[in-house]
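Inspection log for the structure reproduced underneath, given as structure tokens.
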Amino acid sequence: MYSILPALVSSVFLGYGLYVLCAQGFTRIGISFSVLCVTSAFWQGTWAVLFQVHNPVVAIFLIKFGYLLILFLPTSLYHFLTEVSDRPQERPLVYLSYGLASILAVFLIGSDLFVSGYYQYFWGFYPKAGLLHPIHVLQTVVVVNRGLYITFMQQRNAPPNKRIRLRLCIAGILTYFFAAIDYLCNYGYEFYPPGVLFIAVSLGIITIAIVKYGLFNPMAIAATVAHEMRTPLLSIRNQAQGMNKYIPTLLNSYQLAVTHKLCEPTLPPFAMNYLATIGQTLTREVDRTNAVLDMMLASIKMDQIDKSNFTQHEIQECLAEAIDRYTFDHEDRERIILNISEEFRFYGSDTLLILVLFNLLKNALYAIKAAKKGEIIISTESGATFNRLHFTDTGTGIPQEALPNIFDGFFTTKNSGGTGVGLTFCHRVMAAFGGRIRCDSVAGQYTTFTLEFPRVDNPAQDQAPAPASRQAEKSAATPPPLGS
């Protein structure tokens with residue numbers, strides 16, 4: 001009877017820890033939470049068996065076996081709070097705490113200094129504290145309180161959603177900490193250890209943070225980062241505009257001083273050109289970064305997008321605006337070939353489509369620069385039920401093995417600088433429009449993205465297009481890349 005509750009809680013912790021690791025991937029937060037779940041499951045699972053045995057030799061084996069991971073429980077709590085609070089500077093202390101637990105594990109296995117036997121209570125055998133056991137208790141108090149402190153300080157200035165997540169984590173770990181009352185049983189106090197109840201409640205609290213507030217959701221984390229980047233980017237842009245305004249005056253003054261031999265010509269010609277354009281370069285890079293943030297934030301909010309604001313738009317106007325607004329480098333604008341033979345309207349958001357085009361332009365130019373050759377060909381095509389926009393670049397292409405995954409979140413084929421959210425964003429936008437995006441590519445030759453829009457049969461009214469059957473166009477193949 002006394003083993004039922006710890007066995008049940010052990011199963012829940014183990015299953016939930018594995019689920020989070022499989023569902024969220026090997027992120028730092030996911031790994032730390034899974035370590036916490038596994039150690040908790042190990043603790044309760046071993047005690048469930050211990051309470052059932054009657055042989056003292058088996059009991060002492062289970063006690064030492066069970067305590068092997070219990071030693072790491074306080075550090076796993078600290079580790080989890082460190083990652084949740086995004087405090088990488090705490091990691092050396094986390095590793096130090098893991099190291100202390102490892103040293104205690106050596107004494108646990110090789111001597112009676114940590115566990116000096118057992119008590120036989122009314123519910124079964126229970127470990128008896130040795131001389132070194134108070135070090136473990138002190139470590140528990142120090143590292144858990146340290147973790148709660150840094151999380152509390154972090155939530156004070158956090159954005160609203162993140163503040164809620166951090167507060168729930170504080171509540172969950174604080175509740176878990178009350179399970180330390182079980183240590184009294186290690187020192188001869190005979191009462192059934194209630195820690196199993198506290199850790200079960202704490203798991204429920206943390207589950208709310210995970211399920212309702214997206215504690216492990218990478219997109220939620222990305223949203224927080226994106227919002228926090230806005231202010232420094234705005235400051236950089238303002239400073240760049242100031243440089244762009246005043247540096248030409250300083251350069252003219254310098255040239256006049258050199259001409260009239262008032263100073264030595266210490267600046268080489270390339271430095272003059274660099275200083276003259278640095279303001280424009282910084283502004284352009286900030287604008288590009290803001291465009292990426294727009295895509296990221298729009299992608300995060302895609303599930304809650306208000307489609308009632310959708311209206312009809314001309315595809316040609318969106319293309320023209322996207323190309324006009326995109327910040328090209330030098331001759332990159334000349335690489336674009338427009339072949340708009342058939343104009344059409346689509347039902348959706350022009351802002352979202354422009355962001356899609358920004359992303360496709362960015363990816364295409366990256367591929368062209370990596371291949372050191374190529375051009376971008378944009379064309380349109382009208383269909384019976386769907387109109388299409390073909391976006392082709394003749395750069396590096398995409399390996400065939402990567403094609404099935406390119407629209408997956410955080411998947412990227414770029415060696416550096418890729419976030420893996422751009423094409424996911426494009427996929428979600430086209431789905432919100434009632435269409436889709438497809439990709440055809442041959443490595444080393446070309447990549448073609450085909451954007452399919454439901455045909456708008458009544459351009460005079462801003463209403464959603466009637467659902468169209470894809471079966472009618474199932475046989476329509478992606479056209480070969482232009483110019484290849």
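None of the figures in this text is laboratory data; all of them are computed from the coordinates on show. Treat the numbers as computed from the prediction; the structure is a model and nothing was measured. Neighbour counts run over all protein chains shown; Cβ positions are idealised from the backbone, glycine included.
Roughly speaking, what % of Cα-Cα pairs in region 1-144 are separated by over 22 Å, rounded to a whole number?
Working: 4496 of 10296 pairs.
The calculated P(r) of region 1-144 puts 44 percent of pairs beyond 22 Å.
Can you compute the modelled spin-label distance between LEU234 and THR311, with each label point 7 Å from Cα toward Cβ, in nm?
Result for the modelled spin labels: 2.7 nm.
Assuming R0 = 41 Å, can you tell me the calculated FRET efficiency for the pair CYS22 and LYS245, based on Cβ-Cβ distance, to the nearest 0.05? Write out the running numbers ahead of the final one.
Details: r = 54 Å, r/R0 = 1.32.
Rounded to the nearest 0.05, the efficiency is 0.15.
Loop only per DSSP, at most 11 neighbouring Cβ atoms within 10 Å: give me the trypsin sites (Lys or Arg not before Pro) in region 146-215, ordered by residue number. Could you put the intermediate results ahead of the total?
Details: sites: ARG146, ARG156, LYS162, ARG163, ARG165, ARG167, LYS212; in loops: LYS212.
Here the sparse-neighbourhood loop sites are LYS212.
Set the Förster distance to 35 Å, then compute FRET efficiency between LEU138 and ASN55 from the Cβ-Cβ distance, nearest 0.05.
So the FRET efficiency works out to roughly 0.60.
What FRET efficiency comes out for the pair LYS369/VAL211, r = Cβ-Cβ distance, R0 = 30 Å, nearest 0.05?
Details: r = 42 Å, r/R0 = 1.41.
With R0 = 30 Å, the Cβ-Cβ based efficiency is 0.10.
Grab the other residues whose beta carbon is less than 15 angstrom from that of VAL143, score K and R as +1, D and E as -1, and report the net. Walk me through the intermediate numbers first.
Working: positive: ARG87, ARG91, ARG146; negative: GLU83, GLU90.
With Lys, Arg at +1 and Asp, Glu at -1, the neighbours total +1.
Among 259-269, 192-202, what's the highest-first ranking by average C-beta atoms within 10 angstrom per residue? Walk me through the intermediate numbers first.
Details: 259-269: 9.5, 192-202: 19.2.
For the peptides 259-269, 192-202, the packing ranking is 192-202, 259-269.
Tell me, in nm to one decimal, what length is gained between GLN280 and ASN339 on full extension, where the rule is 0.36 nm per residue of separation less the Cα-Cα distance? Intermediate values should be presented prior to the final figure.
Numbers: separation 59, 0.36 × 59 = 21.24 nm, distance 3.07 nm.
Contour length minus Cα-Cα distance gives 18.2 nm.
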